[in-house]
Amino acid sequence: MSSFALKCAAVMGASGVALGAYGSHGLKKLGAEPSQIESWGTASRYQLIHAAALLAFSATGRTARYAPALWTAGVTMFSGSIYCLVLNKERFKVLGPVTPLGGLLMIAGWLALLAP
């Protein structure tokens, strides 16, 4: 069992649930636009999907080569940048280009599963 993948899955899953709940309830209280709430939902959904993937990967007993690290980095960049941009677009505008890079890393993680 991959300890790295399991630990990342636990942290990513727990924070994904908490951030998803905040997006559903807390952002409305802040007066967020519907598009911001939708973006937040996308970020938390991708985070939770990859937490489940990391958990499943850790249960396979496969030696962790690249997929867990790529997924973790990808989610951190993709979801993290969206969370920051929703909270304060002006302050975190530099993170705009980070979002698609995070998406590419998540895709690379899935493709890394093909490696022997």
Original post:
Could you give the semi-axes, largest first, of the ellipsoid that matches the chain, computed as the square roots of 5 times the alpha carbon gyration tensor eigenvalues and rounded to whole Å?
Top reply: 28, 15, 9
**OP:** Would you work out which of Thr60, Gly20, Gly41 lies farthest towards the positive end of the dipole of segment 1-93? Charges go on Cβ: Lys and Arg +1, Asp and Glu -1.
**Re:** Thr60
Original post:
Can you pick out the pairs among Lys7/Lys93; Lys29/Lys89; Lys28/Lys89 whose Cα atoms lie more than 27 Å from each other?
Top reply: Lys7/Lys93
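Just how many % of Cα pairs in segment 19-66 lie over 13 Å apart, if you round to the nearest whole percent?
On the way: 689 of 1128 pairs.
Within segment 19-66, distances greater than 13 Å cover 61 percent of Cα pairs.
Considering Cα pairs under 8 angstrom that are at least six residues apart, work out the relative contact order of the chain and quote it in whole percent. Numbers along the way, then the final one.
Values: 138 pairs, mean separation 34.4, N = 116.
Relative contact order for the chain comes out at 30 percent.
Extension gain Val17-Arg62, at 0.36 nm per residue separation less the Cα-Cα distance, in nm? Mind showing how you got there, number by number?
On the way: separation 45, 0.36 × 45 = 16.20 nm, distance 2.66 nm.
Residue separation times 0.36 nm, minus the Cα-Cα distance, leaves 13.5 nm.
Could you check how much of the accessible area of segment 57-116 is carbon and sulfur, as a whole percent, using a 1.4 Å probe?
Values: 2510 of 3520 Å².
The nonpolar share, carbon plus sulfur, comes to 71 percent.
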**OP:** Would you mind getting the Kirkwood hydrodynamic radius of segment 60-99 from its Cα pairs, rounded to one decimal in Å?
**Re:** 11.2 Å
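The values are calculated or read from the model by the stated rules, or taken from the named source; none is laboratory data. Everything quoted here is computed from the prediction, not taken from an experiment. Ideal geometry is used to build each Cβ from the backbone, glycine not excepted, and the neighbour counts take in all protein chains shown. Just the protein is used for accessible areas: all its heavy atoms, side chains included, with ligands, DNA and RNA removed. Shrake-Rupley method; radii C 1.70, N 1.55, O 1.52, S 1.80 Å.
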